[in-house]
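Trainee: First, the structure itself, so that you have it in front of you.
The values are calculated or read from the model by the stated rules, or taken from the named source; none is laboratory data. Note that the structure is a prediction, hence the values are computed from the model and not measured. Every residue, glycine as well, gets a Cβ built from its backbone with ideal geometry; the counts of neighbours run over all protein chains shown. Side chains included, ligands, DNA and RNA excluded: accessible areas come from the protein's heavy atoms. Shrake-Rupley method; radii C 1.70, N 1.55, O 1.52, S 1.80 Å.
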Amino acid sequence: MVDEDKLLKAAQIIKDSNYIVVFSGAGISTESGIDDFRSPGGLWEQYDPNIYASYQYFLQDPSLFWKMHKEVEELVGEADPNQAHLAIAELERMGKVKAVITQNIDMLHQKAGSGQKGAKIYQLHGEYGKLHCIKCGNEYNFDEIDTNSVDYPVCECSGYIKPKVVLFGESLPHGVLESAMNECSNADCLIVIGSSLLISPANFIPSIAKQYGAKLVFINRENTIMDDLADVFLKGSAGETFTKLLKMVKSNI
Ligand code: APR
């Protein structure tokens, strides 16, 4: 049960803010049926990230990455946004949310309607729907390649084809981190939701926003290593907490 006083404080911060930036991680999507990475039973318990999500390993043998992909893709493809994604899109329609910075590749912010009123969406860890050949750079869509009858897809040039998601050991997409950091300099409030904040450089975002004077509202099921930065820490599930928060923001508190 989320602390009522803290909810009121967070709602007041949101009411007072006109340039809210949201920073989301995998925890926002668990209520949509997609496991996060580091919770008990999370993805990295099922797949050792040093193997399945390592770029170096992908270069040696892409088949394990593609094995994981095949098992995860169905879940992600069928997932619907939950109350937290929908509340963020609603705050955008209310003119409050101006940007969403996400570590997720599940596209659930977009499916919920984020971006439709002009908010920018920064996908720090890449885009799932697009692929490219890591040798010649040729771009593909999923419907252009066969991933079912092979261990891994290969380009005409013989290079390995890979979704444009960031594996461990790879750089972030060009310019996206800089643009996201720039958003933080404009933010009067940063809502951090569903992230353990363990992965750099994405986890620089909260402290940068704080340095520029933004108020920080955290919504997370567990404590994070950066709780000290939060003006309000709402411990609870993303969907339930955000639903209550939005209701308070819309009421006369
Ligand atoms: N509501 C609120 N918080 C939740 C919920 C929920 N329903 N479900 C999980 N959480 C919290 C967990 O308690 C945890 O603190 O979300 C956090 C998820 O943390 P991680 O699994 O580490 O996910 P994330 O922070 O997004 O990981 C960052 O690591 O491996 C990489 O590239 C991957 O983008 C990912 C990055």
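Trainee: Quick one: give the max-minus-min coordinate of the C-alpha atoms of the chain along each principal axis, largest first, in Å.
Mentor: Result, largest extent first: 61, 33, 30 Å.
Trainee: Need the full-extension length gain, residue 182 to residue 225, defined as separation in residues times 0.36 nm minus the C-alpha distance. One decimal, nm. Could you put the intermediate results ahead of the total?
Mentor: Values: separation 43, 0.36 × 43 = 15.48 nm, distance 2.33 nm.
Length gained, residue 182 through residue 225: 13.2 nm.
Trainee: Now for a different question. Determine the dipole magnitude for the chain: charges of +1 sit on the beta-carbon of Lys and Arg, -1 on that of Asp and Glu, nothing else is charged, the reference point is the Cα centre, and the result goes in debye to the nearest 20.
Mentor: Dipole of the chain, to the nearest 20 debye: 1020 debye.
Trainee: Kindly report the accessible area of segment 101-206 per residue (heavy atoms of protein chains, probe 1.4 Å, no ligands, DNA or RNA), in Å².
Mentor: Result: 47 Å² of accessible area for each residue.
Trainee: Still on this model: Would you compute the Debye intensity of segment 1-91 from its alpha-carbon atoms alone, equal scatterers and no solvent, and pass along log10 I(q)/I(0) at q = 0.11, 0.15, 0.16, 0.25 Å⁻¹ to two decimals?
Mentor: At q = 0.11, 0.15, 0.16, 0.25 Å⁻¹ the computed log10 ratios are -0.49, -0.77, -0.82, -1.30.
Trainee: While we're here: Roughly speaking, what is the stretch gain from residue 243 to residue 19, that is 0.36 nm per residue apart minus the C-alpha to C-alpha distance, in nm to one decimal?
Mentor: 78.7 nm
Trainee: Continuing with this model, one more query. What residues qualify as long-range amide H neighbours of residue 120, i.e. H under 5 Å apart, gap of 5 or more or another chain, H built at 1.01 Å from N?
Mentor: Excluding prolines and chain starts, which carry no amide H, the hits are 99, 100.
Trainee: Regarding segment 48-128, what is the average projected area of its C-alpha convex hull, in nm²?
Mentor: Value for segment 48-128: 5.8 nm².
Trainee: Something else now. Give the residue from 41, 100, 171 lying farthest towards the positive end of the charge dipole for the chain; charges sit on Cβ (+1 for Lys and Arg, -1 for Asp and Glu) and the dipole is referred to the Cα centre.
Mentor: Of the listed residues, the answer is 100.
Trainee: Summing Lys, Arg as +1 and Asp, Glu as -1, what charge do residues with Cβ under 14 Å from the Cβ of residue 85 carry, residue 85 excluded?
Mentor: -4
Trainee: Right, here's the next one. In nm, give the distance between the simple-model label positions of residue 5 and residue 171, each being 7 Å from the Cα along the Cα-to-Cβ direction.
Mentor: That separation, rounded to one decimal, is 4.9 nm.
Trainee: Same structure again: In segment 146-195, what GluC sites (Glu not before Pro) fall in a loop by DSSP, with at most 12 other Cβ atoms inside 10 Å? Provide the component values of the computation, followed by the final result.
Mentor: Details: sites: 156, 170, 178, 183; in loops: 156, 170.
Those satisfying the criteria are 156.
Trainee: In the P(r) worked out for segment 106-206, what percent of Cα pairs fall beyond 21 Å?
Mentor: Percentage above 21 Å: 47.
Trainee: Can you tell me the alpha carbon radius of gyration of segment 83-133 divided by the globular rule-of-thumb value 2.2 N^0.38 Å?
Mentor: 1.16
Trainee: Determine the per residue accessible area of segment 1-60 with all protein chains present and a 1.4 angstrom probe, expressed in square angstrom.
Mentor: Normalised by residue count, the accessible surface of segment 1-60 is 50 Å².
Trainee: Now for a separate question. What is the dipole size for segment 76-119, taken about its Cα centre, with +1 at each Lys and Arg Cβ and -1 at each Asp and Glu Cβ, in debye to the nearest 20?
Mentor: So the dipole magnitude of segment 76-119 works out to roughly 300 debye.
Trainee: Would you mind checking segment 119-144 for residues with the amide N under 15 Å from a putative spin-label position 7 Å along Cα→C-beta of residue 158?
Mentor: Those under the cut-off are 134-136.
Trainee: How large a share of the accessible area of the chain, in percent, is made up of carbon and sulfur atoms when the probe is 1.4 Å and the other protein chains stay in place?
Mentor: The computed percentage sits at 48.
Trainee: Suppose only helical runs count, i.e. DSSP H with n ≥ 4. What mean residue ellipticity at 222 nm does that imply for the chain under -39500 (n - 2.57) per run, divided by all residues and rounded to the nearest 500 deg cm²/dmol?
Mentor: Per the formula, -10000 deg cm²/dmol.
Trainee: At what distance in nm do the modelled label points of residue 134 and residue 149 sit from each other, each positioned 7 Å from its Cα along Cα→Cβ?
Mentor: Between residue 134 and residue 149, the simple spin-label model gives 2.5 nm.
Trainee: I'd like the distance between the alpha-carbon centres of segment 187-251 and segment 1-44, rounded to an integer number of Å.
Mentor: For segment 187-251 versus segment 1-44, the Cα centre distance is 6 Å.
Trainee: Measuring from label point to label point, each 7 Å out along Cα→Cβ, what is the residue 198 to residue 235 span in nm?
Mentor: The answer from the label model is 1.9 nm.
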